[in-house]
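Read-outs: derived from the displayed coordinates by stated rules, not from any lab. Being a predicted model, the structure only gives us computed values, none of them experimental. Every residue, glycine as well, gets a Cβ built from its backbone with ideal geometry; the counts of neighbours run over all protein chains shown.
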Amino acid sequence: MRQKVNLNAYFERIGFAGSISPTLATLELLHALHPAAIAFENLNPLLGLPVQLDLASLQSKLLTERRGGYCYEHNLLLMAILEELDFTVRGLAARVLWSNPEAIDGPAHHMVLAVDISGSTYIADVGFGSLTLTAPLRLKADVEQNTPHETFRLTGGDPVWQLEARLGEDAWWPLYAFDTSEKILANYEASRRFLSGDPSSPFRSELRVALSPSGKRLTLKDNRLTIHVEGSEPIVRLLTSVAEIREVLNGSFGIQLPTAELLDLKLADILAAEGLSPPLPDAAPEEAED
């Protein structure tokens, strides 16, 4: 039985109000609002908590609990929403090249969506962290495509496509490579287990958070907060206490934080690795018994 999609909760979470017809305009609006409201974050893997990809778990975490997640969580949720709105959409798998351009033959640890509208295919991806797309891209090679943030292009396509972002005047940087063969949920399971559970996964040891509101991008890697405002030099701030990181996670990224007992210890470990050993926040006073 198909799981029920809570459209109203999703629309409230991202601030969507408008036509729900399965058109490019609807997809563009959803694609801009989603990464502006729901943070990319890896708190569950970092804390040793499970990451579940069934729709009920995704909606509970990202909508009810007002958390974020990584690529599979974001894009599987968006896929369910688009299907509910009668879009033709399928899941794809991608190999991340951003930190390692030689990984084009490595394992596919990223998820992308292909959406067919009026005879054209568009790539949608609301879960690529600090450089996540904020608009769908038409699946067409060697065409520069503007988004509310950076300019992107797709190259190749026979059969492997590569997504690149223009960073700087004329510098193109590869983000990931993919083909258009459809994947189902089971195809992502091995990668989910690695990203969330393998000790060698960076999601197990590094805090990674990102949000892409209109006109800027916010990223947090461990205790380094970077704010990229369109047309300005990046603003970098080093966070020096557990309380400061918690405030940024909740205030700047809009994340309802998990249990303090787990989170604070991990944040203290991150600060210690940076040569900082601040005290943990004081525990809340216990209520007097009657």
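Assorted remarks:
- Label corresponding to mean projected area of the Cα convex hull in nm² when calculated from the structure given, among [x] 14.2; [y] 15.4; [z] 17.9: [z]
- Whether region 1-140 is rounded, prolate or oblate, judged on the alpha carbon gyration tensor where a/c under 1.5 counts as rounded: oblate
- Column: log10 I(q)/I(0), Debye, Cα scatterers of region 201-273, q = 0.16 Å⁻¹: -0.57
- For region 169-206 versus region 242-279, the spacing of their alpha-carbon centroids is 25 Å.
- Region 1-49: trypsin sites (Lys or Arg not before Pro) in DSSP coil with no more than 13 other Cβ atoms inside 10 Å: R2, K4
- When the square roots of the Cα gyration tensor eigenvalues are ordered a ≥ b ≥ c, the ratio a/c for region 240-281 is 1.5 or more and a/b exceeds b/c, which makes its shape prolate.
- In the chain the longest region clear of GluC sites (Glu not before Pro) that are loop-assigned by DSSP and have at most 15 other C-beta atoms within 10 Å covers 66-143.
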